[in-house]
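Report on the following structure.
The values are calculated or read from the model by the stated rules, or taken from the named source; none is laboratory data. Nothing here was measured: the structure is a model prediction, and the numbers come from that model. Quick reminder, even Gly has a Cβ in these numbers, built from the backbone with ideal geometry, and neighbours come from all protein chains shown. All accessible areas refer to the heavy atoms of the entire protein, side chains included, with ligands and DNA or RNA removed. Shrake-Rupley method; radii C 1.70, N 1.55, O 1.52, S 1.80 Å.
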Amino acid sequence: MRAKQVIATHGNTDFDAFGAMLAARLLYPEAVVAIATPNRNVRDFHRLHADELGAIAEVTRLELDAIRKLVVVETSTASRLGELEQVALDPAVNKVLFDHHGESELPSWVSKDAVIQSADGALTTTLVSILAERELRPTELEATAFALGIHEDTGSLTYATTTQRDVDALSWCMRHGARQDLVNEYLHAPLAPAERQLLHALLDALEPVPSGAGEALVAAVSWPEYVDGVSNLAHKLVDLTDARALVALVEMDERVIVVVRSRTEGIDAAAIAALFGGGGHAQAASAIARAELSAVRDQVVRALGASRSGTRTASQVMSAPARAVDPETTVAEAMTLCRRHGQSGVFVVDDGKLVGGVSREDLDKAIGHDLAHAPVRGVMSRDVVRSEEDATLAELRSLVTSAEDGRVAVVRRDELVGVVSRADLLRALEGVVPRASEQEDSIADSLRASARLESVLEAVASLGGGADAAYLVGGTVRDLLLGEESFDVDIAVEGDAIAFAYALAEALGGRATPHRRFGTAVISHGDGEHVDVVTTRTEFYDAPGALPTVERAGLREDLFRRDFTINAMAAALAPHDFGRLVDPHGGRADLVAGIVRVLHNLSFIEDPTRIFRGVRYEARFGFRFDEHSAALLRSCIDLGLVGDLASSRLRDELVTLLEDAAAPTGIRRLGELGADRAIHARLRGDDEAVALFERAVTLRDELGVEVPTWRIGLAALARDLTADEAYDWLDRLKVRRRDGELVVGAIVVAPRIVERLRAESVEPADVVALADRFAPDAPLLALALDDRRELRDYFAGLRDVRLEIGGADLIALGLPESPRIGDVLDEIRRRKLNGELAGRDAELAAARELVEADTP
């Protein structure tokens with residue numbers, strides 16, 4: 001068969017590959033779908049519906065020399081294409097590749113511009129999404145094949161690799177007529193007699209093999225005749241045994257079929273299949289080995305054993321430090337701790353040693369018996385489930401299950417160093433591939449490229465193991481990823497932050513100033529450089545808007561206490577772990593997407609100042625609150641919680657927002673969100689406020705007037721307030737009295753100055769009299785309201801006019817000491833401002849005239 005364009009996939013074609021090929025045919029209507037060795041279900045489906053599916057060729061019938069374009073789906077390994085491998089490797093052939101296996105390196109036989117890779121659970125999803133975008137309609141049978149592919153490669157949407165796009169694609173298939181009866185029939189096809197016999201043989205051959213991710217099962221069978229569907233049998237074996245990982249090896253027709261299934265992060269199915277030239281996912285993969293069965297089995301066992309080195313242990317998944325109480329702590333206090341942190345129990349430690357534990361249930365019962373005042377030693381259990389730091393996930397799984405409250409104490413020679421809870425274990429076991437928001441990658445290159453961090457990183461590296469628990473955190477990481485060099489340097493330490501600060505200060509040749517009460521220190525070094533070092537901690541709020549109570553905690557809890565995902569990242573500084581990005585909440589993805597997202601639903605309620613911080617990030621970076629966070633923000637405002645803020649905290653947030661370079665955008669955003677009226681009912685963050693603010697700031701810079709930007713911003717926002725309202729509001733904000741008077745002057749006096757100047761011709765001296773009392777804010781805002789020559793003259797020189805004579809000169813002229821001296825000087829300055837006097841002699845002459853007029 002001569003075909004210039006061919007769509008191909010790997011051998012043992014499953015429904016995902018088959019569906020992807022049919023979808024690709026809609027994109028390349030001149031191409032021929034070619035199959036080499038489909039698995040039994042696909043073969044039966046094709047044979048039954050061959051007429052409806054259209055022409056599908058066998059690879060062996062193709063004239064390979066005629067192929068000028070090859071569209072490959074579901075594999076990036078040329079050798080898995082069988083006879084079409086030579087076509088894939090021919091540089092004269094145009095190639096296109098669709099895959100979703102996430103290989104770190106693209107294959108060399110296809111141009112990177114011709115590769116479409118996705119993270120979808122099924123490749124059919126990727127192709128269906130393209131069809132939907134191009135509004136290409138499949139037949140009902142094609143839609144059914146697509147649905148079968150998505151179901152098969154996502155475990156009917158149950159695998160951890162399943163994405164929202166898979167769900168949407170399956171829905172699209174349903175809308176286009178996918179037949180559920182056929183989907184059910186081919187997903188749950190009964191086993192043929194030969195398959196049942198082989199399944200029983202594999203069950204009998206199952207043997208446990210140790211691996212770092214727990215016990216894996218291996219079944220190696222030599223079979224006298226070829227039986228199709230080994231991958232389907234492997235799937236059933238996993239269901240029957242609930243194995244975390246399983247490898248089925250079936251020797252037949254002088255080759256070994258290798259099928260790997262894994263439900264644990266520690267064992268990568270694709271990596272094991274790759275040992276024999278195969279491929280697939282981390283969760284499911286297959287290969288064909290041309291070797292003796294015993295040799296293949298031995299290689300698989302070695303690979304499983306080697307997985308131990310990559311497996312996480314208790315020390316890596318535990319929460320640290322573990323919260324504990326001493327034996328004399330009351331039952332009521334222990335219950336408060338459990339409630340505050342959502343714990344199912346708490347450990348009891350005496351002189352650093354773990355001596356017991358008490359469950360929340362037992363604490364509740366004790367309180368019911370009026371024993372809230374009793375010490376916990378009277379109700380604690382001394383039989384605590386515990387593990388060493390090197391316990392594997394499999395060992396932890398067994399221990400957590402056996403613990404009454406689902407909490408395992410991690411100890412080092414009886415010293416409590418951490419806890420593994422159900423949540424910790426589930427997070428570690430959650431699927432084969434961590435959620436995108438949980439993935440940890442490296443930003444080492446970004447760290448090394450920062451001139452600001454160079455000396456600090458060198459000093460940290462010199463500490464060696466002393467930096468094992470040190471991380472760059474928060475805004476430092478955010479600004480680093482955004483390419484900003486003006487960031488503060490913040491380091492969080494899991495452990496003794498003050499000891500670390502002293503060591504780092506010595507390495508930097510600087511000085512550490514500790515604050516032991518808070519577990520923090522500031523390092524001063526170089527030319528005015530500072531490094532803030534803090535102990536990782538968590539916070540809880542006794543009331544909305546209240547200052548938080550702080551407790552020591554691990555890094556994950558420290559990141560969770562922060563305001564937004566973009567500030568909840570950390571970068572490891574330990575030499576052996578340098579640059580690893582800890583991003584449990586998807587902050588890096590939100591940075592890329594330009595999203596400001598809170599970490600939990602009570603974020604704004606616990607601390608409403610986060611509203612203003614978030615607005616500032618929106619303005620500065622051009623970001624936007626995600627829809628959910630914006631809804632939570634508005635709910636916080638509707639509840640009236642912004643007005644309950646500690647006034648100095650609100651003042652500081654407003655000052656910071658108004659001093660930011662993007663303050664105009666921030667002011668407008670306050671109005672859009674209703675946050676302006678939440679501060680005060682008559683504040684207005686609208687276009688008029690922005691225009692007034694921008695004009696005033698521009699004039700200030702042009703004229704060289706010294707007015708803080710935040711005072712201009714407050715006046716623009718509060719321009720509708722009366723004097724009494726403004727004084728009351730600024731007093732509640734705890735604005736310094738003189739600053740408050742100037743802001744009120746700008747609000748109230750500036751419009752009056754403009755009104756007076758518009759109404760009549762005013763002498764220069766009268767302009768100064770109008771402006772001086774609340775200068776420079778009031779005349780500056782007046783000029784922003786109306787760019788008048790009189791006000792420009794004021795700033796150009798009138799405000800700086802000073803007399804060359806003083807009270808002593810008047811006394812020398814015979815005027816006795818009295819308030820009259822001030823009146824005379826005022827009159828002389830008035831004349832000078834109006835241009836009637838020039839120089840000291842003229843001032844003395846005028847003074848003499850006024851003094852003589854006073855003489856009887």
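Across segment 404-422, what is the total count of residues that are farther than 21 Å from Leu363 by Cα and not in a strand (DSSP E or B)?
Within segment 404-422, residues that are farther than 21 Å from Leu363 by Cα and not in a strand (DSSP E or B) number 2.
Asp65 fails exactly one of the following numbered conditions: (1) under 24 Å from His281 (Cβ atoms); (2) in a helix (DSSP H, G or I). What is the number of that condition?
It is condition (1) that Asp65 fails.
Working carefully through the options Arg397, Arg377, find the one that is farther than 30 Å from Asp228 by Cα, under 29 Å from the mean Cα position of the chain (by Cα) and open to solvent by 60 Å² or more (accessible area, probe 1.4 Å).
Arg397
Which count do you get for residues in segment 348-372 that are in contact (Cβ under 8 Å) with a residue 24 or more places away in the chain, open to solvent by 60 Å² or more (accessible area, probe 1.4 Å) and not in a strand (DSSP E or B)?
Number of matching residues: 4.
Whether any residue in segment 123-133 is of a type in the set (D, E, K, R) and without any contact (Cβ under 8 Å) to a residue 40 or more places away in the chain is what I want to check.
Here is the first cut: in segment 123-133, the ones of a type in the set (D, E, K, R) are 133.
Restricting the remaining residues to those that are without any contact (Cβ under 8 Å) to a residue 40 or more places away in the chain gives 133.
The answer is yes, given that some residue of segment 123-133 is of a type in the set (D, E, K, R) and without any contact (Cβ under 8 Å) to a residue 40 or more places away in the chain.
Restricting attention to segment 317-328, report how many residues are at pLDDT 85 or above, buried (at least 19 other Cβ atoms within 10 Å of the Cβ) and in a loop (DSSP other than H, G, I, E, B).
Number satisfying all stated conditions: 1.
Being open to solvent by 10 Å² or more (accessible area, probe 1.4 Å), at pLDDT below 95 and part of a helix (DSSP H, G or I): is that true of Val735 here?
No: the conditions fail for Val735.
Based on what the data block shows, is Val115 in contact (Cβ under 8 Å) with a residue 60 or more places away in the chain and either touching a Phe, Trp or Tyr at 6+ places or on another chain (Cβ under 8 Å) or open to solvent by less than 40 Å² (accessible area, probe 1.4 Å) (or both)?
No; evaluated as a whole, the condition is false for this residue.
Of the residues Ile257, Ile272, which is outside any strand (DSSP E or B), crowded, with 21+ Cβ neighbours inside 10 Å and among the hydrophobic types (A, V, I, L, M, F, W, C)? Give the steps one after another, and end with the answer.
On the way: Ile257 fails: outside any strand (DSSP E or B).
When all the criteria are applied, what remains is Ile272.
Taking Asp153 as meeting all but one of (1) closer than 15 Å to Asp16 by Cα; (2) of a type outside the set (Ser, Thr, Tyr); (3) at pLDDT 90 or above, write down the number of the exception.
(3)
Among what's in segment 209-226 and is at pLDDT below 85 and not hydroxyl-bearing (Ser, Thr, Tyr), pick the residue that is most open to solvent (accessible area, probe 1.4 Å).
Here the residue is Glu215.
Quick one: is Arg80 at pLDDT below 90, among the charged types (D, E, K, R) and surrounded by 17 or more Cβ atoms within 10 Å (Cβ to Cβ)?
When the stated conditions are applied, Arg80 passes them.
Within the group Glu494, Glu484, which residue is modelled with pLDDT under 90, open to solvent by 50 Å² or more (accessible area, probe 1.4 Å) and within 18 Å of Gly554 (Cβ to Cβ)? Before you say what the answer is, go through the steps one by one.
Values: Glu484 fails: within 18 Å of Gly554 (Cβ to Cβ).
Among Glu494, Glu484, only Glu494 is modelled with pLDDT under 90, open to solvent by 50 Å² or more (accessible area, probe 1.4 Å) and within 18 Å of Gly554 (Cβ to Cβ).
Can you report the number of residues in segment 16-34 which are more than 15 Å from Thr126 (Cβ to Cβ), buried (at least 24 other Cβ atoms within 10 Å of the Cβ) and either free of Cβ contacts under 8 Å to residues at least 40 places away in the same chain or under 42 Å from the mean Cα position of the chain (by Cα) (or both)?
Residues in segment 16-34 being more than 15 Å from Thr126 (Cβ to Cβ), buried (at least 24 other Cβ atoms within 10 Å of the Cβ) and either free of Cβ contacts under 8 Å to residues at least 40 places away in the same chain or under 42 Å from the mean Cα position of the chain (by Cα) (or both): 0 in total.
Those residues that are in contact with a Phe, Trp or Tyr (Cβ under 8 Å, 6 or more places away or on another chain) and among the hydrophobic types (A, V, I, L, M, F, W, C), I need them from segment 599-631; list them, please.
Leu599, Ile611, Phe623
List pairs: first residue in segment 505-525 and more than 14 Å from Glu458 (Cβ to Cβ) and open to solvent by 50 Å² or more (accessible area, probe 1.4 Å), second residue outside any strand (DSSP E or B) and at pLDDT below 95 anywhere in the structure, Cβ distance under 7 angstrom, at least six positions apart or on different chains.
Arg511/Ala505; Arg516/Ile498
Taking the criterion of being of a type in the set (Asp, Glu) and free of Cβ contacts under 8 Å to residues at least 40 places away in the same chain, would at least one residue in segment 75-86 satisfy it? Steps first, please.
At the first step, the residues of segment 75-86 found to be of a type in the set (Asp, Glu) are 83, 85.
Remaining after also requiring free of Cβ contacts under 8 Å to residues at least 40 places away in the same chain: 85.
Yes - at least one qualifying residue is present in segment 75-86.
Taking helices (runs of 4 or more DSSP H) that do not extend beyond segment 570-668, which have at least 2 residues that are at pLDDT 90 or above and open to solvent by less than 60 Å² (accessible area, probe 1.4 Å)?
Where helices (runs of 4 or more DSSP H) fall fully within segment 570-668 and carry at least 2 residues being at pLDDT 90 or above and open to solvent by less than 60 Å² (accessible area, probe 1.4 Å), they are 587-593, 609-621, 627-638, 647-659.
Please go through (1) in contact (Cβ under 8 Å) with a residue 24 or more places away in the chain; (2) touching a helix residue (DSSP H, G or I) at 6+ places or on another chain (Cβ under 7 Å); (3) among the aromatic types (Phe, Trp, Tyr) for Tyr727 and return the number of the only condition it doesn't satisfy.
(1)
Is it fair to say Gly345 is surrounded by 19 or more Cβ atoms within 10 Å (Cβ to Cβ), at pLDDT below 90 and over 21 Å from Asp558 (Cβ atoms)?
yes
So how many residues does segment 487-504 have that are of a type in the set (Gly, Ala, Ser) and without any contact (Cβ under 8 Å) to a residue 24 or more places away in the chain?
Count: 1.
Among the residues of segment 704-732, write down those that are part of a helix (DSSP H, G or I) and open to solvent by 50 Å² or more (accessible area, probe 1.4 Å). Reasoning before the result, please.
Step one: of segment 704-732, the residues part of a helix (DSSP H, G or I) are 709-717, 723-732.
Selection gives Asp724, Glu725, Tyr727, Asp728, Asp731, Arg732.
Select, from Thr161, Thr144, the only residue that is at pLDDT 95 or above, within 21 Å of Asn232 (Cβ to Cβ) and β-branched (Val, Ile, Thr). Even if it seems obvious, please write down each step before you answer.
Details: Thr161 fails: at pLDDT 95 or above.
Answer to the check: Thr144.
Mind checking which residues of segment 129-154 are crowded, with 24+ Cβ neighbours inside 10 Å, under 31 Å from the mean Cα position of the chain (by Cα) and of a type outside the set (Asp, Glu)?
Scanning segment 129-154 gives Ile150, His151, Thr154.
Residue check: is Ala409 touching a Lys or Arg at 6+ places or on another chain (Cβ under 7 Å), at pLDDT 75 or above and open to solvent by less than 10 Å² (accessible area, probe 1.4 Å)?
When the stated conditions are applied, Ala409 passes them.
Among the aliphatic types (A, V, I, L, M) and part of a strand (DSSP E or B): which single residue out of Val110, Val42, Val71, Val87 fits that description?
From the options Val110, Val42, Val71, Val87, the qualifying one is Val71.
Which one of the conditions (1) surrounded by fewer than 15 Cβ atoms within 10 Å (Cβ to Cβ); (2) farther than 22 Å from Val96 by Cα; (3) among the hydrophobic types (A, V, I, L, M, F, W, C) does Ala66 fail to meet, given that it meets all the rest?
Among (1) surrounded by fewer than 15 Cβ atoms within 10 Å (Cβ to Cβ); (2) farther than 22 Å from Val96 by Cα; (3) among the hydrophobic types (A, V, I, L, M, F, W, C), the lone unmet condition for Ala66 is (2).
Which residue is least open to solvent (accessible area, probe 1.4 Å), if the candidates are limited to segment 669-701 and must be acidic (Asp, Glu) and closer than 17 Å to Ile747 by Cβ? If you could, list the steps in order and put the result at the bottom.
Step one: of segment 669-701, the residues acidic (Asp, Glu) are 672, 676, 686-688, 694, 701.
From the residues that got through so far, the ones that are closer than 17 Å to Ile747 by Cβ too are 676, 686, 688.
Details: Asp676: 2, Asp686: 53, Glu688: 115 Å².
The extreme case among them is Asp676.
If I filter segment 43-59 for residues that are β-branched (Val, Ile, Thr), open to solvent by 30 Å² or more (accessible area, probe 1.4 Å) and more than 28 Å from Pro190 (Cα to Cα), do I get at least one hit?
No; the residues of segment 43-59 include none that is β-branched (Val, Ile, Thr), open to solvent by 30 Å² or more (accessible area, probe 1.4 Å) and more than 28 Å from Pro190 (Cα to Cα).
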